[in-house]
């Protein structure tokens, strides 16, 4: 029995026309003698409306009642789609998280899937050709409805694909796939035909808006091929797969940028052991995440400066914490007009000179690099916001992405 | 452990103000050291909106998907109320039909409750003071959500009250109780303080709009006292109880009327054995319900006439069926300007002269009785619609209801 998992997001199931569209896609798969397991999000803006209603009585999302209320959105869309299929002579039924069951922990509002027994689903596939599951929801060991956090339907889809050993997990969304860069910033951005799990995880601003990172981690763990594609046309989208299966080993797969950081520089601090700890521990205890860090080197071991980035929204809080702490510094400098530009590619693992090419390109374009950080498959630089567009386009060209596949 | 069941209908839980109101009522019971089991309907017009959405994809209410979709209304209201209580330091949680479980048959859209195991609920009452259950819903043996038909939350409330051996089942609604007559037709109509199960079942037009008949049957079977009262004030409403417990044994408890019948008279039919069967079998097979019947007596056993009533909406269909059948008659006469007036009271079982007084009163008021039918605790007469108001008010007075208790 060959099973295909299809997940439809809120914009893909917001009205009758779109439900018909989904039905046609399902019919096409059934003609290929496949069983179809559909995962649906809530229709359109339903979840937002439910959250609004809940917040009138209680402002807490990590709550069992919140989950019971919010999960009705997916219950509604699964029931409607299954009824539509049934009305159109397709043998289908809906399934709620607790009916399968999708067993999760009890962390309400952001539960994690623990187990998915498949006995019941496999039995149902003997009767039905299509099963329509409410995404985003599960059931805790206490027999209460849980939800997996926003975007959790992606996770539901990949998890059920893994449990059922489905041949592929298709994620239907309102974009055509994942791009080499943000098309609004880089005109020559191209759709990526294949990308590895690791790359998409590093490509936060390009990938995470399309695919929930937790779902990617799960797909990676169970080696589930994920096909991110548009629900509005039949074009091939982007296939997310393992490095071994990715035959298009591009040096750099994509370029991303983010304007969500603020740069804080402490000038005139003592360059003594333990100073970094002294600075970062009050931030950590205030739950402020520090991203890139660079410490200047001093010759005489006396005064130095330390630069790091935090989320823009947490900048004021961070400065306040530092001023209240017992760290001695002469001056504090804040810069919010900065952008983080990253190049991502599994190819750079085995190739030298990728970073060199990046620095060279930026230098040629007179762009000053303020901070650098690297991982195995990603190089990020902090530059002034004004240079972002030039940097993105130049890098896109120099790594051969302008003339990408597709 | 003394448990009280409180059921709140859609109009009683339609906004935050009303949720606060419910919370205050609950607090009052908690102060009396009671555990409170709340049953809620969907908020305001939610169910109608959900049905409308469902009908876009499939026009069938006897359907598992219908139940899964429609039941979200009560899931929402139970979650919101429980969250509100929790936010206001009342130890409460919500419960869905499948969590208890409310076990029903698989007749989707109008399921019947088969069993309610109470082990889980009793365990929860050790932790929580208040449990808030989504009314109207259950779970079938196939592990699918069922609904109990419109007004099913009343049935849920009485059923859980029976299972938990609750001391009372309070039904909060938008009227103050059950009245001796329709206050729009009889100005001196009074709220009834106590009424028996049997009376309320006979009092279709007075009672069934307030209380679902199935819930009354259930209350009667398990001897559950039901208190029908307003959610907008604190006045005592109407208590529905067994004949043994009803200390106010009024001869006549209430008077009801209905304009929903049409009278059909077949003139000049053969008065031979089997003729009634010949007439009513084509109607029965067309699913037309015949209510009151009167056959004139002939001396010579030749030609006679037969009068009966059907629902107004089915009158034309009935006439067509009769004309197409092989029954011979000279003329068919239809009268839609008729009203059925009924007096109801368990007291009439043990008292003679109740019917006589009714006929006398109508005669004194020059009202012609067209058809009579009686049950053990009800006498109904068919009169012309024009006389209805006079009849209702005269009867209301003559049976002493004008100066009712309360």
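Only one entry in A:36, A:69 is modelled with pLDDT of 95 or more, more than 10 Å from every other protein chain (Cβ to nearest Cβ) and in contact with a helix residue (DSSP H, G or I) (Cβ under 7 Å, 6 or more places away or on another chain), namely A:36. Here the range A:119-151 is the region considered, the condition is being in a loop (DSSP other than H, G, I, E, B), within 14 Å of chain B (Cβ to nearest Cβ) and more than 26 Å from the chain's Cα centre (by Cα), and the residue that is surrounded by the most Cβ atoms within 10 Å (Cβ to Cβ) is A:144.
Checked against (1) in contact with a strand residue (DSSP E or B) (Cβ under 9 Å, 6 or more places away or on another chain); (2) more than 14 Å from chain A (Cβ to nearest Cβ), residue B:187 passes all but condition (1). Note on the range A:172-187: among residues that are out of contact with any helix residue (DSSP H, G or I) (no Cβ under 6 Å at 6 or more places or on another chain) and either within 28 Å of residue A:36 (Cα to Cα) or in contact (Cβ under 8 Å) with a residue 40 or more places away in the chain (or both), the one that is surrounded by the most Cβ atoms within 10 Å (Cβ to Cβ) is A:180. Checked against the criterion of being over 23 Å from residue A:185 (Cα atoms), touching a helix residue (DSSP H, G or I) at 6+ places or on another chain (Cβ under 6 Å) and surrounded by 18 or more Cβ atoms within 10 Å (Cβ to Cβ), the candidates A:341, A:310, A:275 yield just one match: A:310. For the range B:350-372, a residue qualifies if it is in a helix (DSSP H, G or I) and under 28 Å from the mean Cα position of the chain (by Cα), and the qualifying residues are B:354, B:355, B:357, B:358, B:359, B:362.
Name the residues in the range A:295-326 that are at pLDDT 85 or above, closer than 13 Å to residue A:276 by Cβ and within 31 Å of the chain's Cα centre (by Cα), would you? Matches in the range A:295-326: A:306, A:307, A:308. In this entry, residue A:166 is excluded by the filter for residues that are buried (at least 19 other Cβ atoms within 10 Å of the Cβ), in a loop (DSSP other than H, G, I, E, B) and touching a helix residue (DSSP H, G or I) at 6+ places or on another chain (Cβ under 6 Å). Selection of the range B:81-109 for residues being within 10 Å of chain A (Cβ to nearest Cβ) and more than 28 Å from the chain's Cα centre (by Cα) yields B:82, B:83, B:84, B:85, B:86, B:87, B:88, B:92, B:93.
Residue-level check: of (1) loosely packed, with under 15 Cβ neighbours inside 10 Å; (2) touching a helix residue (DSSP H, G or I) at 6+ places or on another chain (Cβ under 8 Å); (3) touching a residue at least 40 places away in the same chain (Cβ under 8 Å); (4) within 19 Å of residue B:323 (Cα to Cα), residue B:221 misses just (4). Which members of the range A:355-404 meet the condition of being touching a residue at least 24 places away in the same chain (Cβ under 8 Å) and at positive phi? Scanning the range A:355-404 gives a single hit, A:400.
Checking each residue of the range A:161-173 against the condition of being away from chain B (no Cβ under 14 Å), touching a strand residue (DSSP E or B) at 6+ places or on another chain (Cβ under 9 Å) and within 20 Å of residue B:72 (Cα to Cα) gives no match. Highlighted here are the helices (runs of 4 or more DSSP H) found entirely within the range A:11-118 that include at least 3 residues which are assigned by TED's automatic domain parsing to the domain that holds residue A:131 and buried (at least 24 other Cβ atoms within 10 Å of the Cβ): A:64-70, A:72-87. Scanning the range A:39-66 for residues that are closer than 20 Å to residue B:69 by Cα, out of contact with any helix residue (DSSP H, G or I) (no Cβ under 6 Å at 6 or more places or on another chain) and within 10 Å of chain B (Cβ to nearest Cβ) yields a count of 1. Scanning the range A:362-379 for residues that are touching a helix residue (DSSP H, G or I) at 6+ places or on another chain (Cβ under 9 Å) and buried (at least 17 other Cβ atoms within 10 Å of the Cβ) yields A:362, A:367, A:377, A:378, A:379.
The values are calculated or read from the model by the stated rules, or taken from the named source; none is laboratory data. Note that the coordinates shown come from a computational prediction; the quantities given were computed from them, not determined experimentally. Note that we place each Cβ from the backbone using ideal geometry, even for glycine, and neighbour counts take in every protein chain shown.
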